[in-house]
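Comments concern the structure below.
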Amino acid sequence: MSIPTEPIGSLPRSPALRQAFAEHAAGRLDDAELARVQGEAVADTLALLEKLGSPVLVDGDQSKPSSLTYPLTGLQGLSTEGAVIPFADGHVRQLPALTAGPFRYQVRAESYVRAARGRTALPVKQAVVAPSALTLLYPAGGIDGYSRETFLSDLADEAEADIRGCLDAGAHRVQLDFTEGRLALKLDPSGGVLNEFIAFNNTVLGRFTEDERARLGVHTDPGADQDSTHSLDVDYAELLPKLFQLTVGNFCLQLAGEPDRERVLRIIADQLRPGIRVFVGVIDPIDPRVESPEEVRDRVLEAARHIPVDQLGTCDDAGFAPFADDTSTSRELAFAKIEARLRGTELAAQALGL
């Protein structure tokens, strides 16, 4: 396929896997048995994507409790009183808050890469939490004996190690999930928080070489949890110029769910620079309808009027289940939408004579 296309990351967990997570949390399932069920779910996910003809695979976050909190699994020194993320339908997600230092990742994403690569010969992409998201763990009141400056230094070291471990494990691409970007503008319309997020992420990214950053990417969306968003009402135009300041080689952008795609594409075109690729979202995970390949084709051709084809790729708007307990989308629906993306991108390539 001459137009690159790839998934974002998370896919719905099977009922068996969700049950295993619940049994493990209740102490009725040991670590080894949970790992066995997770391994089966990863193998099934990779096999289904490969069967559809996906040129790049993901493990679907089948072993993660969420794409946001996987590094915290088993971490002591956390309270339940962290930052709250409100969604448009009224439900919320709440981060934990750190109560003691030093901060260390308990789980590194390279373990997911190694597990997936042991089951396929195709390229494997790995999504990691953006360092900026984890800055929200530090409480506003501070922590005795552990300053915010020390925490941020520790977090930068840990985030670098998480990304570098994935690269060293052979990840085709490492994608920073930056869903908090648009949300930052909702929480702070002045843009101050967003500027801090961008600067901190670039501090970590600056530790990588130019060749390494060519294998790094960032994904942004307005949230896609339980078929609801947290910041779709925020003007995308306020985020995009800041987003393109991130020093990565690849940008995966939510677009299918935008009410005015042409306007967004014009903004993207204004931000393009040599050496980057923009993967535009052509599938909306929140829409319960399966897009047709022809509809996807037309969305790709629309994007190609603004973005040079040699800098264009396609993706889904977001992951289909960023939290393991999200049952709003079935696995069958998610894979049907992925198939539509693959077929539609191929039709667009043919229409463009590629």
Problem set entry | Exposed trypsin sites (Lys or Arg not before Pro) absent: longest stretch of the chain, with sites in DSSP loops and at most 11 other Cβ within 10 Å deemed exposed | 29-288
Problem set entry | Sum of -39500 (n - 2.57) over DSSP H runs of 4+, divided by residues of the chain (222 nm, nearest 500) | -12500 deg cm²/dmol
Problem set entry | Selected from Ala303, Ile283, Leu75, residue furthest toward positive end of dipole (the chain; charges at beta carbon) | Ala303
Seminar exercise, completed: If one builds a Gaussian network model of the chain from Cα atoms under 10 Å apart, the most fluctuating residue listed among Ala25, Ala47, Ala334 is Ala25
Exercise. Where both partners of a DSSP beta bridge lie in the stretch 54-351, what percent of those bridges are antiparallel, to the nearest 5?
Worked result: 25 percent
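Read the figures in this text as sums done on the coordinates, not as results from a lab. Because the structure is predicted, anything quoted here is derived from the model rather than measured. Don't worry about glycine lacking a Cβ; one is built from the backbone with ideal geometry, like all the others, and counts go over all protein chains shown.
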